[in-house]
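This report refers to the structure that appears directly beneath it.
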Amino acid sequence: DHSKRLYDHHQRGYDERFEAKTKVDDDGNEVVKERCTKLSASGLVYRHYGEEVIRNIYPTLTDKEVELVKKKMYNSFMEAIDAI
């Protein structure tokens, strides 16, 4: 519950995931793939505060660049932590 700043992923019925991955196939078509990994507590915190952290570390990035960094960081690092 983000409004209470409670990030417990052990609740019955919990099924939150990071946004779907999008890729461009060889024909130039965008392909959307839903994620199978549920967010852990760290993933929940990252989803809510990751953008703010990135902006504080890299204040000159544009909104589009921040979003790209957030997705790449999740894809290459955070999702592995969520999967543990």
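Since every read-out is calculated from the coordinates, none of them should be taken as a lab result. Source: prediction; values computed, not measured.
Overview of values
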item: Kirkwood Rh (inverse of mean 1/r, distinct Cα pairs), the chain, angstrom; result: 14.1 Å
item: MRE, 222 nm, helices only [DSSP H, n ≥ 4, -39500 (n - 2.57), over the chain, to nearest 500]; result: -11500 deg cm²/dmol
item: Length-normalised contact order of the chain in % [C-alpha pairs under 8 Å, at least 6 apart]; result: 29 percent
item: Lysine pair count for the chain [Cα-Cα under 13 Å; pairs on different chains or 8 or more apart]; result: 8
item: Choice from 23, 38, 72 showing the highest fluctuation, given a GNM over the chain with Cα pairs closer than 10 Å; result: 23
